[in-house]
1. So is Gly115 crowded, with 17+ Cβ neighbours inside 10 Å and of a type outside the set (A, V, I, L, M, F, W, C) or not?
2. Are there helices (runs of 4 or more DSSP H) fully within region 308-403 with at least 1 residues that are under 26 Å from Arg228 (Cα atoms)? List them.
3. Within region 266-291, take every residue that is farther than 13 Å from Tyr157 by Cβ, of a type in the set (A, V, I, L, M) and in a helix (DSSP H, G or I) and give me the one that is modelled with the lowest pLDDT.
4. Just one of Val39, Val5 is aliphatic (A, V, I, L, M) and in contact with a helix residue (DSSP H, G or I) (Cβ under 8 Å, 6 or more places away or on another chain); which is it?
5. Being at pLDDT 85 or above and closer than 18 Å to Tyr295 by Cα, is that true of even one residue in region 343-350?
6. Taking Gly307, is it surrounded by fewer than 19 Cβ atoms within 10 Å (Cβ to Cβ) and either of a type in the set (Lys, Arg) or at pLDDT 85 or above (or both)?
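The values are calculated or read from the model by the stated rules, or taken from the named source; none is laboratory data. The structure presented is a predicted model; accordingly, all values stated were derived computationally and were not measured. Because the Cβ atoms are built from the backbone with ideal geometry, glycine has one as well, and the counts that use them run over all protein chains shown.
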Amino acid sequence: MRTAVTRYRALFATPGVLRVALPSLLGRLPIGMSTLLFVLVVYAGTGSYGAAGLATAANSALTAVTAPALGRLADRGRAVAVLVSTGLAQAALLVALVLALRSDPGLPLVVALAGLAGAVNPPIGAVTRVVLPRLAPDPQAVQTAFALDAISVELTYVLGPTVVGVVAAVLDPDAAALLAAAITAAGAVALATAPAVRSAYAVPRPAVPTPRGRRHRGGRRRGPLRTRGMIVVLAVAGLEAAAYGVLEVAIPAHAGHLGQPDSAGVLVAVWSAGSIIGGLWYSGQTFRIPPNRQYAILMCANLLGFGSLLLATGLPSLGVLLFLAGLVISPTTAVEYALVTALAPKGAETEAFTWAGTAVYLGFAAGSALAGSVLSSTLATARGLTVSTVVATALVLVGAALTVAYRRRLATDCSVSQVGSIRSR
């Protein structure tokens with residue numbers, strides 16, 4: 001752990017890193033706030049949990065749909081404009097939602113405003129994952145930068161709901177929504193004005209037309225989904241997220257079945273705490289094996305972590321097992337980021353990360369929907385957690401099998417992408 005502290009200290013001392021990392025963490029807090037926020041705000045305004053669920057689903061679905069397009073615009077030299085415009089637009093839409101809910105609106109308007117707020121979700125995470133590693137002075141610092149971002153994601157999901165809960169309890173849900181609007185705007189604008197962001201997204205040269213009206217090969221833009229390796233990483237990320245989605249519905253249901261519903265939040269927080277500790281450990285390691293093999297090993301470790309939850313005999317033992325299972329989450333995420341960077345064509349890195357985000361959003365939504373529909377009859381029973389864990393473990397098993405089966409393909413596609421990037425410079 002001492003090595004990790006030394007590496008983080010060196011990374012934070014690198015010019016421009018804090019100017020990117022701090023606004024990024026701030027601007028992403030509303031992502032962790034969003035689910036609880038929409039449930040509380042929409043329920044308070046409509047008195048319907050059904051309406052709250054539809055609003056939350058619309059917000060997540062449109063985020064998944066529009067994120068790649070926003071990432072593509074950023075890669076084309078418009079990152080600053082995208083961050084500022086989406087940050088301000090999302091803030092305005094959250095304010096509009098609060099105002100609309102005070103005047104007894106119809107369900108279509110509520111869902112539309114929530115969905116539009118998701119459609120303009122600022123690509124803060126994707127931009128950060130492109131810019132931060134470029135500031136790192138050496139490969140070890142790059143690994144630390146990816147681990148830092150993975151830890152930031154976990155902090156977002158720990159701090160976000162906490163902020164919403166405290167503000168809603170002290171003031172009201174509307175105040176929490178207005179705070180989220182202010183945080184979104186401040187974080188997006190602060191990140192957009194960071195010098196490293198402006199310099200990282202130089203406007204590309206226009207393509208030179210040939211006599212036949214086609215573009216030269218040097219001006220042709222390759223999308224990030226052109227390699228099988230990228231598809232494999234996105235599929236694995238989606239399967240992981242689906243497994244988390246299943247358990248994040250099953251764990252509260254299990255706690256409620258045992259008569260301790262308030263412990264659900266603690267259990268999920270313990271899971272995230274394990275991930276943060278694992279990320280800190282990963283930052284201090286020096287690995288000789290390449291990322292594609294690390295990915296396969298970590299996914300197999302995730303498989304063991306999910307499967308171990310079947311050994312839980314009560315909430316205390318479940319908490320211990322969740323902490324241990326969480327130790328490999330951030331390292332796996334950091335390796336995924338490294339693979340996405342290596343697999344993405346030059347000039348399409350931000351779009352690649354937004355596709356990764358889309359895979360996670362859709363996977364988590366699918367897992368949550370699976371738990372809430374197919375598994376709903378068993379969730380509040382004695383075997384609910386067991387059945388859900390088996391399903392989640394099966395999803396991770398498929399992901400682990402893909403990383404093992406395609407580990408050589410990942411290495412080959414990474415090498416091809418890196419050679420292409422060098423030739424394009």
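1. The answer is yes for Gly115.
2. The helices (runs of 4 or more DSSP H) meeting that bar are 329-343, 349-373.
3. Per the stated criteria, the residue is Val266.
4. So the residue among Val39, Val5 that is aliphatic (A, V, I, L, M) and in contact with a helix residue (DSSP H, G or I) (Cβ under 8 Å, 6 or more places away or on another chain) is Val39.
5. Yes, region 343-350 contains at least one residue that is at pLDDT 85 or above and closer than 18 Å to Tyr295 by Cα.
6. Judged against the criteria, Gly307 is a match.
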